[in-house]
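Chemist: Below you will find the structure I want to go over with you.
The values are calculated or read from the model by the stated rules, or taken from the named source; none is laboratory data. Here the structure is a predicted model, which means the values were calculated and not measured. Virtual Cβ from ideal backbone geometry, glycine too; neighbours counted across all protein chains shown. Calculation scope for accessible area: heavy atoms of the full protein, side chains included, ligands and nucleic acids excluded. Shrake-Rupley method; radii C 1.70, N 1.55, O 1.52, S 1.80 Å.
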Amino acid sequence: MVKVRLATPVLQKNEEVARENRTFFQKQEVFALNLMSSPGSGKTSTLERTIEHLAGSLNLGVIEGDIYTTRDAERIESHGVPVVQINTAGACHLDARMIKPALEDFDFGKLDLLIIENVGNLVCPAEFDLGEDARAVVLSVTEGNDKPMKYPLIFRQAQVVLINKTDLLPYTDCDLDLLEKDLKSINPDLNLFRISARENKGFTPWIAWLREQVKIKKYARESP
Amino acid sequence: MMVVCEDLEGRKQMHELSLMENVVQILRTNAAENGIKKITRIQLVVGKMTMAVPDALQFAFEVFKEEKLFKDAVLEIKEEPVRGECKECRQTFEIKDFEFLCPFCSGPQVKLVGGRELYIEFYEGD
Ligand SMILES: [Zn+2]
């Protein structure tokens, strides 16, 4: 019998490739955002509104992670932005190794911002670093108040939570203040934005945050 | 809690399965390097913050038992609690129910110092 001590992190390979991706984004001075949510939160609509708000001022590219379909990718492409679709063939999250080859399909000289729309799921994507600069979670008020406490890791790892479907608030028993309090208790540094993608409301502070991050990334190298 | 992502064809994939795929891949490579043909025991350390459920990990491991290397392998899972360190008073403590609040000074700035572990401690084989 042989005993082999490994102490090998299970996701070591993923973390190595994530580091490579991160170095690449650094070199290209492109801000990479990992956009996550559970299914049906309105993530794609939120992304569409975001693209509309940024049109003409920032150049963005989108990576669409989907289990099988290209439906979301087609929706995004109709906004005139470059989209690369990754079919995860059943896997419930994107990983760094899926992102790396997809990066070759963009003309990074022309991009300021890359948004990666992850597969709809609050557990698995949280575990896999893609090499992104920041993580944003779309959480809709129709999902119930208990989501943060049920899936704390994703909120712990995120910088932003976009609380969507606020137009439906009167029809739910969601307590928005309590929801935000729970989110802050998991991660006091979270930036919280209340939005309605359907009514195109509340996007200004979110867009301002995004612009600021892109700016910081662009000028990070020039500053001493 | 087990998360199942169901795709259009009704096939199911769970969080724990993709984690086990990574575990198995590491073991295959390492066993080959060490000339080990049969693994008998695997110890996996899993932090509670990973949201990976031990039962589901065991279930996922069954998938790989058809492989000769893993046929007789026993998977042992050591769970690690979620632990925090208060940025204000520097105390460390166990975090229960994901309440990220310092029990000593009620400070909200808690650094996660345990619970995200996910590694293979050792394995045994012939
Ligand atoms: Zn304290």
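Chemist: Taking into account only those residues within the stretch B:103-115 that are closer than 25 Å to residue A:124 by Cβ and within 12 Å of the ligand (Cβ to nearest atom), which is farthest from the other protein chains (Cβ to nearest Cβ)?
Modeler: Filtering first and then ranking leaves B:111.
Each row is one residue, and each column tells you yes or no for (1) closer than 19 Å to residue A:28 by Cβ; (2) crowded, with 20+ Cβ neighbours inside 10 Å; (3) among the charged types (D, E, K, R); (4) within 14 Å of chain B (Cβ to nearest Cβ).
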residue	(1), (2), (3), (4)
A:70	no, no, no, yes
A:74	no, no, yes, no
A:81	yes, no, no, no
A:90	no, no, no, yes
A:96	yes, yes, no, yes
A:99	yes, yes, no, no
A:113	yes, yes, no, no
A:120	no, yes, no, yes
A:124	no, yes, no, yes
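Chemist: Give me a count of the residues in the stretch A:143-154 that are more than 9 Å from chain B (Cβ to nearest Cβ) and without any contact (Cβ under 8 Å) to a residue 40 or more places away in the chain.
Modeler: 3
Chemist: When residues of the stretch B:103-126 are filtered for being in contact with a Lys or Arg (Cβ under 8 Å, 6 or more places away or on another chain) and in a loop (DSSP other than H, G, I, E, B), how many remain?
Modeler: 5
Chemist: Right, residue B:70: in contact with a helix residue (DSSP H, G or I) (Cβ under 9 Å, 6 or more places away or on another chain) and more than 16 Å from the ligand (Cβ to nearest atom) or not?
Modeler: The answer is yes for residue B:70.
Chemist: Let me ask another. For the stretch A:159-170, how many residues meet the condition of being surrounded by 23 or more Cβ atoms within 10 Å (Cβ to Cβ) and either within 14 Å of another protein chain (Cβ to nearest Cβ) or among the aliphatic types (A, V, I, L, M) (or both)?
Modeler: Total satisfying the criteria: 3.
Chemist: Would you call residue A:199 touching an Asp or Glu at 6+ places or on another chain (Cβ under 8 Å), away from every other protein chain (no Cβ under 14 Å), of a type outside the set (Ser, Thr, Tyr) and open to solvent by 30 Å² or more (accessible area, probe 1.4 Å)?
Modeler: Here the answer is yes, as residue A:199 does meet what is asked.
Chemist: Mind checking which pairs have a first residue in the stretch B:102-115 that is more than 28 Å from residue B:45 (Cα to Cα) and a second that is open to solvent by less than 60 Å² (accessible area, probe 1.4 Å) and assigned to a strand (DSSP E or B), Cβ under 9 Å, 6 or more apart or different chains?
Modeler: From residues that are more than 28 Å from residue B:45 (Cα to Cα), the pairs are B:104/B:86; B:104/B:93; B:105/B:86; B:107/B:86.
Chemist: I've got another one for you. Filter the stretch B:74-102 down to residues that are more than 13 Å from every other protein chain (Cβ to nearest Cβ) and part of a loop (DSSP other than H, G, I, E, B) and give me whichever is nearest to the ligand (Cβ to nearest atom).
Modeler: Only one residue tops the list, namely B:89.
Conditions (1) of a type in the set (Ser, Thr, Tyr); (2) at pLDDT below 95; (3) over 26 Å from residue A:88 (Cα atoms), marked per residue:
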{"residue": "A:126", "(1), (2), (3)": "no, yes, no"}
{"residue": "A:130", "(1), (2), (3)": "no, no, no"}
{"residue": "A:135", "(1), (2), (3)": "no, no, no"}
{"residue": "A:147", "(1), (2), (3)": "no, yes, no"}
{"residue": "A:156", "(1), (2), (3)": "no, yes, no"}
{"residue": "A:173", "(1), (2), (3)": "no, yes, yes"}
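Chemist: Is it fair to say residue B:118 is open to solvent by 10 Å² or more (accessible area, probe 1.4 Å), within 16 Å of the ligand (Cβ to nearest atom) and within 9 Å of chain A (Cβ to nearest Cβ)?
Modeler: Answer is no for this residue.
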